[in-house]
Amino acid sequence: MPSSTRHVASVVMAAHDHAGTVTRAGRAVALAGVVLPLFLIGILKFTQIEIDALKPVIGGTPWLAWLYPLFGEAGASYLLGTVEIITAALFVASPWSARAGAMAGTIGTLTFAVTCSTLLALPIWEGPSGGFPWLNGLGAFLIKDVALLGISIVVLGESFARIDVPRSMGDGLAGRSI
């Protein structure tokens, strides 16, 4: 093998090795990117400031408004905060436990799908700036949940792939991941 070919091969192999490192770092940052908002905003849900901040979001979204008559303003906020904190803990455990990852991915997907859906019901465009595509403060706050939804779906899928199917399930799937 000529030396130029060996050099190119060594550069390609080094890049391949770096790709794995970069991917692992990216996954860690993505996981932190979903854990930190869930945890920090989750604990904030136990404060009056967040209870008040949720009023237009919950009250202005028909598919969430039922939370107030059922739990009250504080109770709804506490419920959401509790779910967010538990989900953050499950995401933290997800690299070591496929089942925790599946639970985190499921709850995260549901949570962020609901918060993304509020973008359809709430006034999120900055009127004085000309409306679409200029987001107002609420829109700027909520739009990040699209990325968090994506991360949740990835964790859910990867966790499903890590869960072994018992041989008793049949269908020729024994030993494979779902």
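The values are calculated or read from the model by the stated rules, or taken from the named source; none is laboratory data. None of the values given here were measured: they were computed from a predicted structure. With ligands, DNA and RNA removed, areas are computed over all heavy atoms of the protein, side chains included. Shrake-Rupley method; radii C 1.70, N 1.55, O 1.52, S 1.80 Å.
With protein chains left intact and a 1.4 Å probe, residues in the range 69-117 average 47 Å² of accessible area per residue.
Taking all protein chains together and a probe of 1.4 Å, list Ile49, Ile163, Ile85, Ile43 from the most accessible to the least accessible. Please list the in-between numbers first.
Numbers: Ile49 135, Ile163 25, Ile85 50, Ile43 75 Å².
Of Ile49, Ile163, Ile85, Ile43, the descending order of accessible area is Ile49, Ile43, Ile85, Ile163.
Extension gain, Ala30 to Asp164: 0.36 nm times the residue separation minus the Cα-Cα distance gives 45.8 nm.
Pull out a ≥ b ≥ c, the square roots of the eigenvalues of the alpha-carbon gyration tensor of the range 118-163, then state rounded if a/c is under 1.5, prolate if not and a/b is larger than b/c, and oblate in the remaining case.
Details: a/c = 4.97, a/b = 4.05, b/c = 1.23.
It is prolate, given that a/c is not under 1.5 and a/b is the larger ratio.
Reported to the nearest whole Å, the Cα centre-to-centre distance from the range 106-144 to the range 31-66 is 13. Length gained on full extension, Thr47 to Phe132: 27.4 nm, using 0.36 nm per residue less the C-alpha separation.
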